[in-house]
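These notes are about the structure you will find just below.
The values are calculated or read from the model by the stated rules, or taken from the named source; none is laboratory data. Since we're looking at a predicted model, the values are computed, not measured. Here the Cβ positions follow ideal geometry from the backbone for every residue, glycine too, while neighbour counts run over all protein chains shown. Ligands, DNA and RNA are excluded from the accessible area calculation, which covers all protein heavy atoms including side chains. Shrake-Rupley method; radii C 1.70, N 1.55, O 1.52, S 1.80 Å.
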Amino acid sequence: MEITLADIARKVGGELRGEPQKRIRNAAPFDQATSEDITFAGSAKFLKKLNLTKAGAVFIPGSSLSGDALTATQNLIVVEHPQVAFARILNIFYPSSKPAIGISQKAAIGKNFTSGLDVSIAPFVAIGNDVKIGTRVCLHPHVVIEDHVVIGNDTEIFPNVTIHKCSEIGAHVIIQSGTVIGSDGFGYATDGNQYIKIRHTGIVQIDDDVEIGACNTIDRATFGKTWIQQGVKTDNFVHIAHNVTVGANTVFAALVGVSGSTTIGRNVIVAGQVGVSDHLKIGNGAILGPQSGIAQSVGKGQVVSGSPEMPHRLWLRVQRIIPRLPLLRKKLSAIEKKVNKIENKLGLSHD
Amino acid sequence: MEITLADIARKVGGELRGEPQKRIRNAAPFDQATSEDITFAGSAKFLKKLNLTKAGAVFIPGSSLSGDALTATQNLIVVEHPQVAFARILNIFYPSSKPAIGISQKAAIGKNFTSGLDVSIAPFVAIGNDVKIGTRVCLHPHVVIEDHVVIGNDTEIFPNVTIHKCSEIGAHVIIQSGTVIGSDGFGYATDGNQYIKIRHTGIVQIDDDVEIGACNTIDRATFGKTWIQQGVKTDNFVHIAHNVTVGANTVFAALVGVSGSTTIGRNVIVAGQVGVSDHLKIGNGAILGPQSGIAQSVGKGQVVSGSPEMPHRLWLRVQRIIPRLPLLRKKLSAIEKKVNKIENKLGLSHD
Amino acid sequence: MEITLADIARKVGGELRGEPQKRIRNAAPFDQATSEDITFAGSAKFLKKLNLTKAGAVFIPGSSLSGDALTATQNLIVVEHPQVAFARILNIFYPSSKPAIGISQKAAIGKNFTSGLDVSIAPFVAIGNDVKIGTRVCLHPHVVIEDHVVIGNDTEIFPNVTIHKCSEIGAHVIIQSGTVIGSDGFGYATDGNQYIKIRHTGIVQIDDDVEIGACNTIDRATFGKTWIQQGVKTDNFVHIAHNVTVGANTVFAALVGVSGSTTIGRNVIVAGQVGVSDHLKIGNGAILGPQSGIAQSVGKGQVVSGSPEMPHRLWLRVQRIIPRLPLLRKKLSAIEKKVNKIENKLGLSHD
């Protein structure tokens, strides 16, 4: 496959500075690109070495035009977000390879199944009763869909995923392999010794454009719903407990746990191995640093780190001191001795 | 469905203070309940605002009778543990919806399969040889049961669970989706360079009334057994290594790892993202705080936090100081200067 | 089954000190072995109590010959690595019980499937197109193999594992239940608000003799490959992100996350719940302590602990001080008062 630079510029809404008829055959990373590839320079680090890439063309940001890029001799396409443009063109060179359309004879489909056009249902998919799926939905082998689940258009669910009863999955959603949606939350009543299971009557709702990573668990609500809003992306091994709400375009790195009834705002960034306590509110745009343990609510736009969490800037200062604690203790002892000596000299008592 | 308050009080062994013939149609949370719902007030927080719920009736604890509850005008049912009573009534309004009884034609069943009455085996369940399951056992789609597994009465195993060979699962056990029981432990002999696998000859034994969350891994023993005792409950992503014993009614929050040969007592509470080192003993009733790293054995009833762990009260004091370390260091420097000045004044040497 | 000590010594290349015709029926742990079992004493701890085991024979290291072992009256087999010898003999008494050879009628096999001799493909295995597997490969129930996957000889893949398209799996590899190989990495381009998925065009390559634990996720590369080299062993819940390389004979305990494009050397030991940041280099033979958060590259052979990491020895000293911070602060306040008193006495100002 080949596309001209003029076509590429048009597809991404960019401004071409170079040869319109130049043919591009692939998209590749900055260091590996050849003269038939297009790449991108998204940061100052790459813009500075623009002459070093062998790429046939480079997406650059408009903000860079006054700098190094101007002196480069390559074909450039000026866009607002070079990596976004690159991701879009990558999709053209590597179109999604969905399985064949149709419902496998080896799938098991329950009663009252409703399906849009052009769906793909692989062998060993097990679908319960009263399930409704949209157009072009793709269910890979070994997906289990329980009763009363609804799935929107163009959603793709990878192997060995389980969607429990009554879950509502939006359109253009991707759910990677091994994930469990709608398992019972961790809720028990106790008599002080034994634990009695609390029936979970609620559901999980996942809105449009969400991508859930591999081996996630998103538990159903005790009452009401656990709610993953539009555009959320999760890495692998993310645990979302019952009755959590996650706002639009929030992202989670791997091995994160969010406890019950916590509300996370929009455009939050949750780093790897973070734990968030229950019944908290995390404000829009907050950033939770790696391995942080969030014990209190976090305000809008705040950046926190540590376990328990503190403002990230304070945490940076604290972390510079922690390895010097042995020195500090030594210094404290030295001062103590001096003070005792002075007290002796002055005839003061050591109280 | 409707039940009178008199019937509800009888079912939970409570004392009704209100209208015996009042009909209740559902159970709901305190803030959402309507006049046809029953709710509960388990803590002082809710007892104080008892007049604010619109519930048709409220479970309250006997211990509250001298306080606010007495002045409430609602229908009250006095019980020892309001949340337990609530959980029991919830089960009546939301009975478990198990799949149809019978063995699917699309399941694969090995030789010498023994089964109690009224079992439910879904499509694509794969059962090995010499497996024995009890009465009313429910195996959801895509459960894999290897050879020589025994499962007790009324146990329910959700989709995509794997039970490896020779595992012994008790009665009234729930295993949520994606969990692996009886995988080989992480045991290798090393020649200093390569690692040679140590055959795991032991099993996993899970006793009655246990509930294992979604995507757990409980490894088989090297020799003997990994043992989960009666009434244990685990949240999602809990890893129990080879030869661990977990005592009755112990609970684990999500993303916890317990290393090999550790013994955990009864009624222990393990918070989220805790790591427990190998060959330790955790005493009955201990509490391990969130994200703690347990490097030494913990005594009966102890509450510990931190990584490595320390007594929780000490940890609380330490955590108040950590963010003040920059101030403490500044103070130390100031004192140092003063002492040097004093030494100068007194003609003392700075050694 | 019975083997003579002479035979055992020959099989492990050891030197027998005892009865060549003594018959051994099993291998067992030091404390549980009977007179028909063989066991091993790998460390000084066990060598000291050699006379306490009831085992019929004991593997001991050559290095111990000048010590306690010489005075023992048991049958001894002197080897370089006792636990390795024990692991080898254990394999004889407990041979791997692979499922029957053959391809189940209940499996779904795609086009252009190529297979070596004596493979075992269980019910409900789903294999895509253009898949090639070696001799004696064993695919347990519910394994999903997508298109263009290649698997080497003698590899065994346990239930509910998903191997995504184009993955290359070596020979003598073990992949435990629930694991996902080749899911898309967590890579998105952002316009500052929404996240746009970056197509992952790379693969996962797993070399010979690797064992992947239960419920791992190893993501495919954005470009190129995510590469797990020969002899690597992972415990459960290990997350390896896109474009990571892991060197030969490196081991990971449970619940570890390695971020994108990080390179880990050979013979590294990664303890439980460690998080490794992206684009780092971890040198050969490094050791990353439990729950450590690795924020910077780690040199060859370095041992680090803490979050963020520091040299392990420094961390040990710091950890002894952390619980004493309340005392240190009290001491600092006391000194401060004394100094103020001295200043007063000397007529110095408190600036």
Worksheet item: With respect to C:L327, is the statement that it is aliphatic (A, V, I, L, M) and in contact with a Ser or Thr (Cβ under 9 Å, 6 or more places away or on another chain) true?
Response: no
Response to the item:
Within segment A:243-252, of all residues that are more than 9 Å from every other protein chain (Cβ to nearest Cβ) and among the polar types (S, T, N, Q), the one nearest to B:G257 (Cα to Cα) is A:N243
Worksheet item: Can you tell me which residue in segment A:253-263 is nearest to the other protein chains (Cβ to nearest Cβ), limited to those that are out of contact with any Phe, Trp or Tyr (no Cβ under 6 Å at 6 or more places or on another chain) and free of Cβ contacts under 8 Å to residues at least 24 places away in the same chain?
Response: A:G257
Fill in: Elements of type strands (runs of 3 or more DSSP E) contained in segment C:104-204, each with 2 or more residues being at the interface with chain A (Cβ under 8 Å from one of its Cβ atoms) and out of contact with any Cys (no Cβ under 8 Å at 6 or more places or on another chain)
C:188-190, C:195-197
Discussion item. Can you find a residue that is over 26 Å from C:T222 (Cβ atoms) and surrounded by fewer than 24 Cβ atoms within 10 Å (Cβ to Cβ) anywhere in segment C:139-146?
Written reply: no
Worksheet item: Across segment B:298-349, what is the total count of residues that are open to solvent by less than 40 Å² (accessible area, probe 1.4 Å), among the β-branched types (V, I, T) and either away from chain C (no Cβ under 11 Å) or over 30 Å from B:A271 (Cα atoms) (or both)?
Response: 5
Worksheet, complete the sentence: Those residues of segment B:208-232 that are farther than 14 Å from B:A253 by Cβ and outside any loop (DSSP other than H, G, I, E, B) come to a total of 7
Item to complete: Would you mind stating whether A:F86 is closer than 20 Å to C:T201 by Cα, within 11 Å of another protein chain (Cβ to nearest Cβ) and free of Cβ contacts under 8 Å to residues at least 40 places away in the same chain?
Response: no
Worksheet entry | Per-region count, segment B:265-294, residues free of Cβ contacts under 8 Å to residues at least 24 places away in the same chain and either open to solvent by 50 Å² or more (accessible area, probe 1.4 Å) or in contact with a Lys or Arg (Cβ under 8 Å, 6 or more places away or on another chain) (or both) | 6
Response to the item:
Selection from segment C:187-243 of residues on the phi > 0 side of the Ramachandran plot and either buried (at least 22 other Cβ atoms within 10 Å of the Cβ) or modelled with pLDDT of 95 or more (or both) yields C:D209, C:C215, C:G224, C:G231, C:F237, C:N243
Worksheet item: Within the bounds of segment A:69-76, is there any residue that is touching a residue at least 60 places away in the same chain (Cβ under 8 Å), more than 23 Å from C:H200 (Cα to Cα) and surrounded by 14 or more Cβ atoms within 10 Å (Cβ to Cβ)?
Response: yes
Discussion item. Looking at the structure I just gave you, is B:A248 farther than 25 Å from A:D191 by Cβ and in the same structural domain as B:D207 (by TED's automatic domain parsing)?
Written reply: no
Practice prompt. Kindly establish whether B:K45 is open to solvent by 10 Å² or more (accessible area, probe 1.4 Å) and assigned by TED's automatic domain parsing to the domain that holds B:E19.
Written response: yes
Item to complete: Please determine, by comparing only the residues of segment C:86-119 that are among the small types (G, A, S) and over 30 Å from C:I3 (Cα atoms), which one is surrounded by the fewest Cβ atoms within 10 Å (Cβ to Cβ).
Response: C:G102
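A quick yes/no check of all residues on (1) open to solvent by less than 40 Å² (accessible area, probe 1.4 Å); (2) touching a residue at least 60 places away in the same chain (Cβ under 8 Å); (3) in contact with an Asp or Glu (Cβ under 9 Å, 6 or more places away or on another chain); (4) among the hydrophobic types (A, V, I, L, M, F, W, C):
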position	(1), (2), (3), (4)
A:Q32	no, no, no, no
A:K54	no, no, yes, no
A:H81	no, no, yes, no
A:I121	yes, no, no, yes
Worksheet item: Within segment B:158-168, is even one residue more than 30 Å from C:V180 (Cβ to Cβ) and surrounded by fewer than 20 Cβ atoms within 10 Å (Cβ to Cβ)?
Response: no
Discussion item. Out of A:A55, A:A27, A:A33, I need the residue that is over 30 Å from C:V125 (Cα atoms) and touching a helix residue (DSSP H, G or I) at 6+ places or on another chain (Cβ under 6 Å). Which one?
Written reply: A:A27
Practice prompt. Filter segment A:273-297 down to residues that are within 14 Å of chain B (Cβ to nearest Cβ) and not charged (D, E, K, R), then give me how many there are.
Written response: 16
